[in-house]
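See below for the structure under consideration.
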Amino acid sequence: MKKPIVVLGIGELGSVFARSFLKNNYPVYPVTRQTDTNQLASQIDPELILVCTGEADLQAALKRIPLQWRDRVAMMQNELLPRDWERHNFINPTVISVWFEKKKNVDSKVLISSPAYGPKAQILSDSLALIDIPAHVLNSKDELLFELVLKNIYILTTNIAGLAIEPKANVDDLRNQHLPLMRDVLKDVSALQAQLSGQSFDENQLEQAVIKAFEGDLKHGCMGRSALARLDRALNLANEFNLEVPTLRKIKDRL
């Protein structure tokens, strides 16, 4: 029998990953807020621990992980960057940039293949394939950083631009009817991601990659439920680094 997999956070995405692991013959142990993780750690020796909390709960979740599990952690949050796990001294965690969504009572919807990197990346990719969700394994940390930045820019650009255009607009509307706004928001968000990651990226390359992701689901709505919270979080971070981000500030002022 394969070693078990611990899934920390059994929400919509956590349940998708849990099902994929079960299809791959891994026993799955769910961890909720009521679970005593230290007691569980004394009873099982897992293959990996996948943290499936929302991004706002990630830091608290990482603090809960027992010392003996810290070499087997995997993460899948939005707005994720190395600074989020480096502050906890995790060495070489597995990370997947999730490009599928799961809403209540609706099947998973794939935009593009989800890239993963780290010692447990192949398990994630193989398991998701068993439930028809494409994923692939990256070759380097540099590739992973680009993919994380790309996903962050996709989410922040669509969500924040969505606050400034017509309600219920989709990404096809954004690229065809509001391209100057999209580019201005993308420029601000790219500057913030460069500051947070410590690396700069080619804006044209990022824009082309974002457009390619758009084409995975042209009807994908721009403004999600967390759009305003994402804008506020981005502005707070920009203030920490004294970044201008004029378009983000203009959108906030109009709200």
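The values are calculated or read from the model by the stated rules, or taken from the named source; none is laboratory data. Remember, predicted model here, so these are calculated numbers, not experimental data. Because the Cβ atoms are built from the backbone with ideal geometry, glycine has one as well, and the counts that use them run over all protein chains shown.
Can you tell me which condition LEU130 does not meet? The list is (1) among the aliphatic types (A, V, I, L, M); (2) touching a Lys or Arg at 6+ places or on another chain (Cβ under 6 Å); (3) under 25 Å from ALA234 (Cβ atoms), and all the others hold.
Single failed check for LEU130: (3).
Looking only at region 129-172, filter to residues that are surrounded by fewer than 18 Cβ atoms within 10 Å (Cβ to Cβ) and charged (D, E, K, R); which one of those is nearest to ILE251 (Cα to Cα)?
GLU166
Of the numbered conditions (1) over 25 Å from ARG83 (Cβ atoms); (2) of a type in the set (Gly, Ala, Ser); (3) assigned to a helix (DSSP H, G or I), ALA164 fails exactly one; give the number of that condition.
(3)
Restricting attention to region 83-107, which residues are modelled with pLDDT of 95 or more and either part of a loop (DSSP other than H, G, I, E, B) or on the phi > 0 side of the Ramachandran plot (or both)?
Selection gives PRO93, SER97, VAL98, TRP99.
Pull out all pairs, ordered by first then second residue, where Cβ-Cβ is under 6 Å, the residues are six or more apart or on different chains, the first lies in region 146-174 and is within 19 Å of LEU235 (Cα to Cα) and of a type in the set (D, E, K, R), and the second is at pLDDT 95 or above and surrounded by 19 or more Cβ atoms within 10 Å (Cβ to Cβ).
Filtered contacts from region 146-174: LYS151/SER97.
Give me the pairs, please: first residue somewhere in region 221-232 and charged (D, E, K, R), second residue anywhere and buried (at least 16 other Cβ atoms within 10 Å of the Cβ), beta-carbon distance under 6 Å, and either six or more positions apart or on two chains.
ARG230/LEU156; ARG230/ASN159
Counting only residues that are loosely packed, with under 14 Cβ neighbours inside 10 Å and within 19 Å of SER226 (Cα to Cα), which one in region 88-105 is nearest to the chain's Cα centre (by Cα)?
Result: LYS103.
Could you tell me whether ALA60 is closer than 29 Å to LEU231 by Cα, surrounded by fewer than 15 Cβ atoms within 10 Å (Cβ to Cβ) and small (Gly, Ala, Ser)?
yes
Looking at TRP99, TRP85, TRP69, can you tell me which residue is aromatic (Phe, Trp, Tyr) and closer than 16 Å to ILE155 by Cβ?
Only one candidate passes the filter, namely TRP99.
For (1) closer than 30 Å to HIS220 by Cα; (2) at pLDDT below 95, each residue gets a yes or a no:
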{"site": "ALA61", "(1), (2)": "yes, yes"}
{"site": "PRO66", "(1), (2)": "no, yes"}
{"site": "LEU81", "(1), (2)": "yes, no"}
{"site": "LYS109", "(1), (2)": "yes, yes"}
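Within region 2-32, restricting attention to residues that are more than 21 Å from the chain's Cα centre (by Cα) and without any contact (Cβ under 8 Å) to a residue 40 or more places away in the chain, which residue is surrounded by the fewest Cβ atoms within 10 Å (Cβ to Cβ)?
ASN25
Going by what's in this entry, would SER190 be described as in contact with a helix residue (DSSP H, G or I) (Cβ under 6 Å, 6 or more places away or on another chain), more than 21 Å from TRP99 (Cα to Cα) and small (Gly, Ala, Ser)?
Taking the combined requirement at face value, the residue does not satisfy it.
Please find, within region 130-144, the residue that is nearest to ARG19 (Cα to Cα) out of those that are in contact (Cβ under 8 Å) with a residue 24 or more places away in the chain and part of a helix (DSSP H, G or I).
Among them, the one singled out is LEU144.
Looking at (1) without any contact (Cβ under 8 Å) to a residue 40 or more places away in the chain; (2) under 14 Å from the mean Cα position of the chain (by Cα); (3) within 29 Å of GLU215 (Cα to Cα), can you tell me which one TRP85 breaks?
With (1) without any contact (Cβ under 8 Å) to a residue 40 or more places away in the chain; (2) under 14 Å from the mean Cα position of the chain (by Cα); (3) within 29 Å of GLU215 (Cα to Cα) applied to TRP85, the lone miss is (3).
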